[in-house]
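For reference, the structure is listed below as structure tokens.
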Amino acid sequence: MEATHRLPAPSSKEGELVGSQDGAGLRIGLLVARFNEEITKRLLEGAYEALERLRVREADRRVAWVPGAFELPLAAGALARSGRVDAVACLGCVIRGETAHDLYVGSECARGLQQVQLETGVPVAFGVLTTGSFDQALERSGGSHGNKGYEAVLTAVEMANLLREL
Ligand code: INI
């Protein structure tokens with residue numbers, strides 16, 4: 001397993017389909033939330049590393065920032081419908097606070113992103129951390145638990161390729 005991610009490696013028997021992790025020729029959108037920017041910048045670094053390793057060309061990348069995770073679904077919908085990308089990876093960080101605010105932000109973000117991918121048919125990867133502490137977020141953005149930004153790009157590429165085969 002690579003230190004950058006904790007996703008199981010794809011394996012398939014003859015006759016089974018699995019999306020390739022080759023991003024050459026794919027157009028990938030990255031949306032990043034500024035809230036908890038210290039963490040989301042680390043997720044973005046992981047995402048860029050994955051784009052490089054998976055050979056997604058610089059001209060095929062579209063990167064945009066939004067204020068917080070709550071805004072990710074709206075921007076993901078616009079990008080998915082633009083026809084400019086084959087998949088979108090969304091990066092954000094929701095950390096538990098004293099009130100229930102984070103629960104609303106995190107669940108609406110997840111629900112909204114799932115809705116966008118189901119409605120548009122464009123894969124939308126959920127690279128949004130929902131942690132109980134800042135330290136847990138650090139561990140998952142390039143620490144001992146890998147980098148969810150890297151994973152999100154890997155998922156976006158694999159799903160874009162799989163949809164072409166289905
Ligand atoms: N946005 C986040 O991305 N993470 C958080 O932890 C967070 N909390 O907990 O407040 C958060 N709030 C802002 C939210 O995403 C919206 O930007 C804001 O409510 C305006 O719509």
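The values are calculated or read from the model by the stated rules, or taken from the named source; none is laboratory data. Keep in mind it's a predicted model, so treat the numbers as computed, not measured. As a convention, Cβ positions derive from the backbone with ideal geometry for all residues, glycine included, and neighbour counts pool all protein chains shown. Surface accessibility is based on the protein's heavy atoms, side chains included, excluding ligands, DNA and RNA. Shrake-Rupley method; radii C 1.70, N 1.55, O 1.52, S 1.80 Å.
Listed values, structure above:
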{"quantity": "Single residue of E58, E38, E49 found to be over 21 Å from H145 (Cα atoms) and open to solvent by 60 Å² or more (accessible area, probe 1.4 Å)", "calculated": "E58"}
{"quantity": "Residue list for region 121-141, filter: of a type in the set (V, I, T) and open to solvent by 40 Å² or more (accessible area, probe 1.4 Å)", "calculated": "T130"}
{"quantity": "Count of residues meeting criterion [open to solvent by 60 Å² or more (accessible area, probe 1.4 Å), among the hydrophobic types (A, V, I, L, M, F, W, C) and more than 25 Å from F134 (Cα to Cα)] in region 64-81", "calculated": "2"}
{"quantity": "Qualifying residue in region 66-77 (condition: in contact with a Gly (Cβ under 6 Å, 6 or more places away or on another chain) and in contact (Cβ under 8 Å) with a residue 60 or more places away in the chain)", "calculated": "no"}
{"quantity": "Subset of region 15-47 (residues that are within 11 Å of the ligand (Cβ to nearest atom) and free of Cβ contacts under 8 Å to residues at least 24 places away in the same chain)", "calculated": "E37"}
{"quantity": "Yes/no for G112 being over 19 Å from M159 (Cβ atoms), open to solvent by less than 40 Å² (accessible area, probe 1.4 Å) and not charged (D, E, K, R)", "calculated": "no"}
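Conditions (1) open to solvent by less than 10 Å² (accessible area, probe 1.4 Å); (2) within 14 Å of the ligand (Cβ to nearest atom); (3) touching a residue at least 40 places away in the same chain (Cβ under 8 Å); (4) more than 19 Å from F35 (Cβ to Cβ), marked per residue:
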| site | (1), (2), (3), (4) |
| --- | --- |
| G83 | no, no, no, yes |
| A87 | yes, no, yes, yes |
| C90 | yes, yes, yes, no |
| I95 | no, yes, yes, no |
| G143 | no, no, no, yes |
